[in-house]
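Participant: I'd like to ask some things about the structure below.
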Amino acid sequence: MGSAAELAAAVLMLLGFPCLMLAALVPSVPAFAAAAAVTYLADHYLHRRGSYLVNRLSKVRAGLSIRFLIRQLLLILLLARLSLADNLIYYGAIACFIAFYGLQAPHGALTTLIRNRRRMPVATRNVDLASRIRIPDAPPRLLTHRAAEKMLHLDLVAVGGILLAAALDSPLVGFAGIGVTVLLGVAYVLALVPYVRGRRIPPKADQVLVAVDDWLREYRPETVLYFSGSRDSAYQVNMWLETMEQLDTRPLVVLRERVILANLAPTTVPVVCVPGGVHLMNLDLSTVRVALYAANVGKNIHLLRVPTMKHVFIGHGDSDKLASVNPFSKVYDEVWTAGRAGRDRYAIADVGVRDDDIAEVGRPQLAPIETRRAVPAAGGHGPTVLYAPTWEGWDDNPGNTSLLLAGENIVKRLIAADPAVRVLYKPHPFTGTRSPQAKAAHQRITELIEQAAAERAADPRFTVDTAAQDRARAELARVEARLAELAGGGDKGDEAEASRDGVIDVGRYEETARLRDAWNTAYWNSFPEWEHRVITGAQPRLYDCFNVSDAMVSDISSVVSDFIASGKPYAVTDSAELGAEEFKRQNTAVRAAVILSNDAAGLAELLEAVHDPQADPLAGEREELKHYLLGPDEPTSLDQFNTAVARLARKAETRNLGQESRAVVGGPDVEPADALSPQTASVTGETDGTEVN
């Protein structure tokens, strides 16, 4: 249900309809009116919240229209039971509801037609389409947002009027309500008509594609970040946006699903969303020399087929999971890893990825991670330990996540630790999406932490600086209000309008970035430093949690590799019970970790290292492992990444020039070096085997 309020609303709605029938059979106008009000309000609330239940009722033939129809039929039954079957209001009610449902067909057809005609073959952000094609304003949101629900709720006036007519024995008020409902329905349909014709609809698909190609030829993108996935996977592309903004070449983001575009983080990089494979394959990407792929998905083939660019798998994290050595990686020209560990991982897996095709480029995203801070002095709030387990995965391998077998033990031991520590719990966004057991474990852990936080709040040993917290909360509210104002100013009516006006305001973007940093500071100051906390959602970010923590407990995932950049102590749970030696042999990232069994008894070693850095036996190993997993500190990861992009772009250009020269000089048997002119060869470095920077 999502929340207790949604569950209560769902129960009220489901019970409301039997109550309606009972009230109609009794008959009782007041009881019917009360039950009708409950069903209307509960239904509306669940729709606004996007409740799972209400979205599934249509699958069992109990969708929104059916529920309204049942309520209206029960009203007719009520009139019959009140001996009004021979009254004009009875026939008026029947005629009203027939006419009302007759209006549903043109209304539904018009809203669908408007939506389809305004759907762009290529949706964009930060692309100047307004100067190339005319895209009209979207219809008013009042007409198109939740249109079916709004249309159906127009029956409220008729239902209310008919009930009053039955209660007061005055048909006039009933006919007045009927008339208002029918007139509003007709007006709603007529209001939509202008938006399906003439200059109110966007250009046809071929015109939009021509305009996008014109922009591409003008912009001349050189490096593309390509991504396809589900709504929940948007974080995988979002993590690369800041890196794309800092490239030395002209960047472009290519998406394949509209839902990803809707969940894309703000960026200054031009973005094109091309749902159709044919449209993508016909876009003019002739200037692109390097394509970067953040995920291994089937739709990658639509760009992989282009030989004029070099294709690179960069992934969305670096870990010892099987996904990090996917055999699909053979299709790319190169695979880029953070450090030497990634290269060795492919060699050990022996999945067909050649060592020559692997490059170590660091992890540019890790720049915000801060190194180890001083542990709070005795008598203060104590250190903070982050528990950040990964999700249950696609199978039932016990090694996927610690949540199922060890999660509660970990949290209980941390809460009961002496000296005391603060616990932050930040689960993976996918937690519980596949496994009900994982969802239940997550809920139990959440309850444990919330209960422990409440007990600390009641403990006089844990003091609160109320004034400081009030100031932080006030600042948090101010920042959130300004962020909402900035976000609201960029809202567009629909996809077409967003594409037309989607060129980001750099000033607003930079202000938003500053405000997000201010939000993060205010957030952590808005509650006591000793308060246990469950952290879900996009904010605060995982790296922000890293920076306020003194240690972490996690599972085999990219979270561990990223946390190693901080140099702080960490523990990893051997949920599959492989044993410490075998666990370390199979998983590089745990070689400098405290290994936990499912009973979490080994946490004492981690806490000792947190409280006394001098008694931290794994500090040296962590530093060595950091360089092995993530590469050297100098040059910076961003410099390494830019160098790799430039190198591969030269390879692509060399290949393309060789192909052109072969065609001119004499066919496929000509060697590339022989085909290149001396001037071209000197530029690309082919004369002596060197590369020109």
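The values are calculated or read from the model by the stated rules, or taken from the named source; none is laboratory data. For clarity, every value in this text was computed on a predicted model and none was experimentally measured. All Cβ positions, even for glycine, are placed from backbone atoms using ideal geometry, and neighbour counts span all protein chains on display.
Participant: Going through segment 51-68 one residue at a time, which ones are touching a residue at least 24 places away in the same chain (Cβ under 8 Å) and within 18 Å of Ala147 (Cβ to Cβ)?
Facilitator: Start the filter on segment 51-68 by keeping residues that are touching a residue at least 24 places away in the same chain (Cβ under 8 Å), which leaves 51-54, 64-65, 67-68.
Correct list: Val54, Leu64, Ser65, Arg67, Phe68.
Participant: Is it the case, given these coordinates, that Pro121 is assigned to a loop (DSSP other than H, G, I, E, B), surrounded by 14 or more Cβ atoms within 10 Å (Cβ to Cβ) and touching a residue at least 24 places away in the same chain (Cβ under 8 Å)? Before the answer, list the steps.
Facilitator: Values: assigned to a loop (DSSP other than H, G, I, E, B): yes; surrounded by 14 or more Cβ atoms within 10 Å (Cβ to Cβ): yes; touching a residue at least 24 places away in the same chain (Cβ under 8 Å): yes.
Considered against the rule, which asks whether it is assigned to a loop (DSSP other than H, G, I, E, B), surrounded by 14 or more Cβ atoms within 10 Å (Cβ to Cβ) and touching a residue at least 24 places away in the same chain (Cβ under 8 Å), Pro121 comes out as yes.
Participant: Okay, moving on. What pairs come out if I take residues in segment 165-194 that are of a type in the set (A, V, I, L, M) and pair them with residues that are outside any helix (DSSP H, G or I) whose C-beta lies under 6 Å away, six or more apart or interchain?
Facilitator: Ala166/Leu82; Leu184/Leu154
Participant: Considering every residue within segment 429-451, establish whether at least one is in contact (Cβ under 8 Å) with a residue 60 or more places away in the chain, out of contact with any helix residue (DSSP H, G or I) (no Cβ under 9 Å at 6 or more places or on another chain) and of a type in the set (A, V, I, L, M, F, W, C).
Facilitator: no
Participant: Ok, one more. For segment 167-199, how many residues are under 25 Å from Pro136 (Cα atoms) and under 38 Å from the mean Cα position of the chain (by Cα)?
Facilitator: 12
Participant: Quick one: which helices (runs of 4 or more DSSP H) sit completely within segment 234-299 and have at least 2 residues that are in contact with a Leu (Cβ under 8 Å, 6 or more places away or on another chain) and not acidic (Asp, Glu)?
Facilitator: Because the criterion is at least 2 residues that are in contact with a Leu (Cβ under 8 Å, 6 or more places away or on another chain) and not acidic (Asp, Glu), the helices (runs of 4 or more DSSP H) in segment 234-299 that meet it are 234-238, 241-245, 277-281.
Participant: A further question on this structure: Pairs under 8 Å by beta carbon, first residue not assigned by TED's automatic domain parsing to the domain that holds Asp599 in segment 404-420, partner in a loop (DSSP other than H, G, I, E, B) and crowded, with 20+ Cβ neighbours inside 10 Å, six or more apart or different chains?
Facilitator: Final answer for the pair search is none.
Participant: For residues that are under 18 Å from Val159 (Cα atoms), of a type in the set (A, V, I, L, M, F, W, C) and under 27 Å from the mean Cα position of the chain (by Cα), tally how many sit in segment 8-55.
Facilitator: Residues that pass the stated criteria total 0.
Participant: Would you please name the residue that is farthest from Pro389 (Cα to Cα), looking only at residues in segment 586-636 that are among the polar types (S, T, N, Q) and crowded, with 18+ Cβ neighbours inside 10 Å?
Facilitator: Thr588
Participant: Hey, Ser557 hits all of (1) farther than 30 Å from Ala472 by Cβ; (2) over 26 Å from the mean Cα position of the chain (by Cα) but one; which does it fall short on?
Facilitator: Ser557 satisfies every listed condition except (2).
Participant: Filter segment 341-352 down to residues that are at pLDDT below 90 and either touching a His at 6+ places or on another chain (Cβ under 6 Å) or not in a loop (DSSP other than H, G, I, E, B) (or both) and give me whichever is surrounded by the fewest Cβ atoms within 10 Å (Cβ to Cβ).
Facilitator: Ile348
Participant: Can you tell me which residues in segment 565-582 are surrounded by fewer than 24 Cβ atoms within 10 Å (Cβ to Cβ), in a loop (DSSP other than H, G, I, E, B) and not charged (D, E, K, R)?
Facilitator: Matches in segment 565-582: Gly567, Ala576, Leu578, Gly579.
Participant: How many residues, within segment 633-656, are farther than 17 Å from Leu247 by Cα, out of contact with any Asp or Glu (no Cβ under 9 Å at 6 or more places or on another chain) and either not in a helix (DSSP H, G or I) or not polar (S, T, N, Q) (or both)?
Facilitator: The number of residues fulfilling the criteria is 4.
Participant: Just to be sure before I move on: is Asp320 at pLDDT below 90, of a type in the set (Asp, Glu) and within 25 Å of the chain's Cα centre (by Cα) in the structure I sent?
Facilitator: Spelling it out, Asp320 is indeed at pLDDT below 90, of a type in the set (Asp, Glu) and within 25 Å of the chain's Cα centre (by Cα).
Participant: List the number of the failed condition for Leu143; all other conditions in (1) closer than 30 Å to Tyr219 by Cα; (2) assigned by TED's automatic domain parsing to the domain that holds Leu25 hold.
Facilitator: Unmet for Leu143, out of (1) closer than 30 Å to Tyr219 by Cα; (2) assigned by TED's automatic domain parsing to the domain that holds Leu25: (1).
Participant: Test each condition in (1) basic (Lys, Arg); (2) over 40 Å from the mean Cα position of the chain (by Cα); (3) closer than 30 Å to Thr268 by Cβ for Arg81 and report the one that comes out false.
Facilitator: Result: Arg81 passes all but (3).
Participant: I want to confirm something. Restricting to segment 135-186 and keeping residues that are outside any loop (DSSP other than H, G, I, E, B) and of a type in the set (Asp, Glu), which single residue is farthest from Ala37 (Cα to Cα)?
Facilitator: Narrowing segment 135-186 to residues outside any loop (DSSP other than H, G, I, E, B): 141-144, 147-152, 155-168, 171-186.
Next cut, of a type in the set (Asp, Glu) only: 149, 155.
Working: Glu149: 16, Asp155: 13 Å.
Residue satisfying both the conditions and the ranking: Glu149.
Participant: Residue by residue through segment 195-250, note down the ones that are within 23 Å of Asp639 (Cβ to Cβ), charged (D, E, K, R) and in contact with a helix residue (DSSP H, G or I) (Cβ under 9 Å, 6 or more places away or on another chain).
Facilitator: Passing the criteria: Glu222, Glu242, Asp248, Arg250.
Participant: Let me spell it out: the conditions are (1) modelled with pLDDT under 95; (2) touching a Phe, Trp or Tyr at 6+ places or on another chain (Cβ under 7 Å); (3) buried (at least 22 other Cβ atoms within 10 Å of the Cβ), and Val325 meets all of them except one. Which number is the exception?
Facilitator: (3)
Participant: To continue, here is another question. Counting only residues that are among the β-branched types (Val, Ile, Thr) and touching a strand residue (DSSP E or B) at 6+ places or on another chain (Cβ under 9 Å), which one in segment 292-309 is farthest from Leu241 (Cα to Cα)?
Facilitator: Going through the qualifying residues, I end up with Val306.
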